[in-house]
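Where a number appears in this text, it was derived from the coordinates with a stated rule and is not lab data. All values derive from a computational prediction rather than experimental measurement. FYI the Cβ positions are ideal-geometry reconstructions off the backbone, even for glycines, and counts take in every protein chain you see.
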Amino acid sequence: MYRTHSNGELRLTNIGQEVTLAGWVQKTRDKGFMMWVDLRDRYGITQLIFDEERTPKEIMEKAKTLGREFVIQIQGEVIERISKNKNIDTGEIEILVKELTVLNKSITPPFTIEDETDGGDELRMKYRYLDIRRNPVKNNLIFRHKVAIEVRKYLSDNDFIEIETPVLIKSTPEGARDFVVPSRMNEGQFYALPQSPQTFKQLLMIGGMDKYFQIVKCFRDEDLRADRQPEFTQIDCEMAFVEQEDILNTFEGLTRHLLKEINGVEVGEFPRITYDEAMKKYGNDKPDIRFGMEFGELNEVTQHKDFGVFNNAELVVGIAVPGGNKFTRKEIDNLIKWIKRPQVGALGMVYSRCNDDGTFKSSVDKFYNQEDLAKWAEVTGAQKGDLICVLSGNTDKVRTQLSALRMELAERLGLRNPKEFAPLWVVDFPLLEWDEETERYHAMHHPFTSPKPEDMALLDTDPGKVRANAYDMVLNGNEIGGGSIRIHDKETQALMLNHLGFTPEQSKEQFGFLMNAFEYGAPPHGGLAFGLDRLVAILGGQETIRDFIAFPKNNSGRDVMIDAPSKIDDEQLKELHLKLNL
Ligand code: ASP
């Protein structure tokens, strides 16, 4: 037997017991006649003591050869520690070692295996197995496991069945590029890796499995943005014989269950806002509602004076920054610099200070008097002591810019408390979205999303105005899940694909299998998918999903540990009927 106990287990009640422990050497302290070793495993750290008087000589000598991260096994007696360590669970005892076996040596690790390490990101990724020995990473993986278990528990208790769907499939268009896999047995043909199991879960509904879920890897070959992974995990769900309301209730229930079981937080009913409202109030379809600073549209109260910048703008919009009047001139200038960076791209910012005596001092006093500025305060909800920040320009752009400013200010003012959870639903997304590049409409969610029946008629006249039966769940400024009620008849699906620019032949070629299936009694159905990586990170009070993935890819989509992607040899290429033109 390698061990009788773990390194996190022994207490004063075990005093006098002979135990066998195994683990890694975290640290050694050698006083000559006495030596201590911190022995670590997944469960904790136990202090070992070797002393000249009580430890056999050859064991003492062997102990002196131990280095960091050696894997050892020891036998000894649990004794009470003289100087106790209140910081660890095993801090009241230590093991007087009688036997020591070195199970394996270790060369010096490239970074310290401590909670605060000296290793940079790339180095830690290259030696991820060492990084996983550190508490922060290890605890995140355990945390992820707990979330996954609770997800399975809740869904299973609610009659959902977990069903696996294939990984080698045909492309499912969800807005990103597919990763493809050449087929050796079918020359010139390729599988695609699923961007999601979307079509399969719909086929499962037609198959009568009316409540499905799967914790599943999905793959999207997107240009990498910070903290995006080309492979990621979804909690993918689908239900038949449901309306939007049923789906929202079911998955609000799941989220509430997780917040309660994992975080011990009880949240009330989730607010619901429409996409249009979210854009108007927060300039963003995934608003963080832990704090206010809602947008106030100022066109009416600004466009009656000689200030050309505002008069020519499609939208003049502002926010009241709580306590912002305390910002110095320099701090405000820095803020203006910040929003003028190309990443945000604002041309400038107008502001008005709300003084404690009820007066205002704005950067455009030349054009606006106290009465005007009082109206700005009224519209943005500014109080004494606040700062009103105003941007103007093209509606979509200016909303995006002010949203960025709102988030940045909230961050700087410490209003984004990771221990506070503010979920909401955003509903009534537009069905289609205009793509400047291809000059075509694209499905905002995916081509299987059903339009709102009452908006159907607009498809021909004003496609951009058609709303979808689509919804997102948002938590603390992140989209953590999204889905829709689906089209379940062949005609509507064909019409939809037609609007998306598919010819009837292309539709048949790509989606014939689904449209055929619709002809065999497809039930009304809908669903959604949560991004598990992000969800876990937020529940864990952190922002970086990579920290919750055992073996993540870096920002260029590489696994630097195994060095992938990599070349394959000519023989393999030939078998796959591929020729490289490099
Ligand atoms: N397949 C969708 C996605 O990955 C989710 C859904 O509509 O259920 O975003």
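Residues in the range 271-282 carry Karplus couplings, in order, of x, 10, 10, 7, 3, 4, 5, 4, 5, 5, 8, 10 Hz; the curve used is 6.51 cos²θ - 1.76 cosθ + 1.60 with θ = phi - 60°, and Gly or Pro positions show x. Treating the Cα atoms of the range 108-201 as identical point scatterers in vacuum, please give the log10 of the normalised Debye intensity I(q)/I(0) at q = 0.20, 0.23, 0.25 Å⁻¹, two decimals. These q points yield log10 I(q)/I(0) values of -0.92, -1.01, -1.10. Across all directions, the shadow cast by the convex hull of the range 442-569 built on its C-alpha atoms averages 12.2 square nanometres. Name the shape class, rounded, prolate or oblate, that the alpha-carbon gyration tensor gives for the range 241-296, where a ≥ b ≥ c are the square roots of its eigenvalues, rounded holds for a/c under 1.5, and otherwise prolate holds if a/b is larger than b/c and oblate otherwise. Judged from the Cα gyration tensor, the range 241-296 comes out oblate (a/c at least 1.5, b/c at or above a/b). Rg and Dmax of the range 311-470, based on Cα coordinates, read 19.6, 57 Å.
Taking every Cα-Cα distance in the chain and sorting them into 10 Å bins starting at zero, the pair-distance distribution P(r) comes out as 3, 13, 19, 20, 18, 14, 9, 4, 1, 0 percent. Taking a point 7 Å out from the Cα of residue 520 in the direction of its Cβ, the residues of the range 189-205 whose backbone N falls within less than 13 Å of it are 203-205. Per-residue 3J(HN,Hα) values for the range 229-243, derived from phi via the Karplus relation 6.51 cos²θ - 1.76 cosθ + 1.60 with θ = phi - 60°, read 10, x, 10, 8, 10, 10, 9, 9, 9, 8, 9, 10, 6, 9, 10 Hz in sequence order (x marks Gly and Pro). Could you tell me which of rounded, prolate or oblate describes the range 1-92, using a ≥ b ≥ c as the square roots of the eigenvalues of the alpha-carbon gyration tensor, with rounded for a/c under 1.5 and, failing that, prolate when a/b is larger than b/c and oblate otherwise? It is rounded, given that a/c, with a ≥ b ≥ c, falls under 1.5.
When you filter the GluC sites (Glu not before Pro) in the range 509-558 for DSSP loop state and at most 13 other Cβ atoms inside 10 Å of their Cβ, you are left with 519.
Please return the longest stretch of the chain lacking exposed loop sites, where chymotrypsin sites (Phe, Trp or Tyr not before Pro) count only if DSSP places them in a loop and at most 10 other Cβ atoms lie within 10 Å. It runs 34-519. Computed on the Cα atoms alone, the convex hull of the range 522-582 gives a volume of 202 cubic angstrom per residue. Less than 5 angstrom separates the built amide H of residue 92 from those of 85, all sequence-distant by 5 or more or on a different chain. Over 26 Å apart at the Cα level, from the set 211/280; 138/201; 286/326; 326/397; 98/146; 281/465, are 211/280; 138/201; 286/326; 326/397; 98/146. Between residue 176 and residue 227, the modelled labels are 1.6 nm apart [label points 7 Å from Cα along Cα→Cβ].
What fraction of the DSSP beta bridges in the range 151-265 is antiparallel, stated in percent and rounded to the nearest 5? Of the beta bridges lying entirely in the range 151-265, close to 85 percent run antiparallel. Using the alpha-carbon positions of the range 392-436, Rg (one decimal) and Dmax (whole number) come out as 14.6, 40 Å.
Under 5 Å between amide hydrogens, built in the peptide plane, is the criterion, and for residue 480 it picks out 473, 474, 475 among residues at least 5 positions away or on other chains. The trypsin sites (Lys or Arg not before Pro) of the range 348-436 meeting both criteria, a DSSP state outside H, G, I, E and B (loop) and at most 11 other C-beta atoms within 10 angstrom of the site's C-beta, are 366, 419. Entry note, the chain: the mean residue ellipticity at 222 nm calculated from DSSP H runs of n ≥ 4, each adding -39500 (n - 2.57), is -8500 deg cm²/dmol after division by the residues and rounding to the nearest 500. Is the range 382-500 best put as rounded, prolate or oblate by its Cα gyration tensor, with a ≥ b ≥ c the root eigenvalues, rounded for a/c under 1.5, and otherwise prolate when a/b is larger than b/c, oblate when not? Judged from the Cα gyration tensor, the range 382-500 comes out prolate (a/c at least 1.5, a/b above b/c). When you filter the trypsin sites (Lys or Arg not before Pro) in the range 1-70 for DSSP loop state and at most 16 other Cβ atoms inside 10 Å of their Cβ, you are left with 3, 11, 31, 42, 54, 64, 68. Sorted into 5 angstrom bins from 0, the C-alpha pair distances of the range 51-114 split as 4, 15, 20, 19, 22, 17, 4, 0 percent.
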